[in-house]
1. Mind counting the residues in the stretch 86-103 that are without any contact (Cβ under 8 Å) to a residue 40 or more places away in the chain and either surrounded by 13 or more Cβ atoms within 10 Å (Cβ to Cβ) or within 19 Å of the chain's Cα centre (by Cα) (or both)?
2. Could you list, in sequence order, all residues of the stretch 36-49 that are crowded, with 16+ Cβ neighbours inside 10 Å and out of contact with any Leu (no Cβ under 8 Å at 6 or more places or on another chain)?
3. Quick one: in the stretch 145-160, of everything that is within 16 Å of Val255 (Cβ to Cβ) and not β-branched (Val, Ile, Thr), which residue is farthest from the chain's Cα centre (by Cα)?
4. Here are the criteria: (1) crowded, with 23+ Cβ neighbours inside 10 Å; (2) closer than 29 Å to Ala8 by Cα. Tell me which single one Gly178 does not satisfy.
5. Which pairs have Cβ atoms under 8 Å, sit 6 or more apart or on different chains, and link a residue in the stretch 174-191 that is farther than 15 Å from Val255 by Cα to one that is buried (at least 23 other Cβ atoms within 10 Å of the Cβ) and among the small types (Gly, Ala, Ser)?
6. State all residues of the stretch 190-215 that are among the hydroxyl-bearing types (Ser, Thr, Tyr) and surrounded by fewer than 16 Cβ atoms within 10 Å (Cβ to Cβ); if no residue qualifies, say none.
7. Mind listing whichever residues of the stretch 114-146 are of a type in the set (Ser, Thr, Tyr) and either surrounded by 16 or more Cβ atoms within 10 Å (Cβ to Cβ) or not in a helix (DSSP H, G or I) (or both)?
8. Mind checking which residues of the stretch 152-172 are buried (at least 21 other Cβ atoms within 10 Å of the Cβ) and of a type in the set (Phe, Trp, Tyr)?
Amino acid sequence: MTMPTRVALNRKAWGWFLLAAVLAAAWIGLNLLAPDLAVGRVPLRLVLMLLTVAVILYGLWRALARADFSRSRRVAAWLGVALILTIWIGTVWTLAVNGVFHQNIVGNVPALTVAIFLPIALGVFVLTRSRAVASLLDAIPPSWLVGIQVYRILGGVFLVYWIHGTIPGAFALPAGIGDVTTGLLALPAAVWVASGSPIGRRIGIRWNLFGLTDFAVAVTMGTLTSPGPAHLLALDHPNTLIGTFPTVMIPAFAVPFSTLLHVLSVRQLKRVQGTTTTARPEPILATA
């Protein structure tokens, strides 16, 4: 890669980073001023979560159109994924509203722990073995699965909770800062991934590993600060809000869902890394 190309990519990456930073600051500021802002009776953060899923489903349809699938197969695949996501969100939403995530399911195993790890285990098993998924990943630009996670800046709400004193800093600081950082770096990383260069693929993989590490730290600190058998930190200020609707929708749905996006992205980048195709610029997002 020539030096002028590197300079151009860095300039473009910085532009996307600044845009994400403005959006993150606006989101945190909005929650500081109006923490209970809602659309009708639905909290704004959940509206944005649903809109994110809708954008991803749109990107999936675009991806299926690029793949070598028949129309009937494309429609069936899209409807299948949409149905799974609808059932997943609806189930988690219903359980959250009824306070199930404050309870244990079997023995001392919290319901929230099951909600996080069961979808990840099932999803990783299917997504890393499916030939149809592999064909789909080969047909879409790798930058799409990276850039879409700019929505992780919404995790800045944990910092707002900490400022308001409703969540202990032992959890809110690493979880909030890690999420916002992952979101801020998503579009810059996507710029480099879209270049199709080896260094771009390495940046994409490292960004994915950073995002997964953020979740590992957040889930660990959430467990250590919440009531339960592993409650070792924040004993005077337990992290009870994390299991309460609507906040619990983040660990119970957004965390496993985003983890699976990371897994798909890593698989895709590894597959691209193993080919000898000529690098070519690609759109950063599905809407580009």
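Readers should treat all values here as calculations from the given coordinates under stated rules, not as data from a laboratory. The structure presented is a predicted model; accordingly, all values stated were derived computationally and were not measured. When we count neighbours, we look across all protein chains shown, and the Cβ atoms used for this are built from the backbone with ideal geometry, even at glycine.
1. 5
2. Leu46
3. Taking the stretch 145-160 first, the residues within 16 Å of Val255 (Cβ to Cβ) are 148-149, 151-158.
The next check asks that each one be not β-branched (Val, Ile, Thr); those that pass are 149, 151-152, 154-156, 158.
Values: Gln149: 5, Tyr151: 7, Arg152: 6, Leu154: 10, Gly155: 10, Gly156: 13, Phe158: 15 Å.
Here the residue is Phe158.
4. (1)
5. Every condition considered, the pairs that remain are Ala186/Gly147; Leu187/Gly147; Ala189/Gly147; Ala189/Gly204; Ala190/Ser143; Ala190/Gly147; Ala190/Gly204; Val191/Ser143.
6. Thr213
7. Once the filter is applied, which keeps residues that are of a type in the set (Ser, Thr, Tyr) and either surrounded by 16 or more Cβ atoms within 10 Å (Cβ to Cβ) or not in a helix (DSSP H, G or I) (or both), the stretch 114-146 yields Thr128, Ser130, Ser143.
8. Phe158, Tyr161, Phe171
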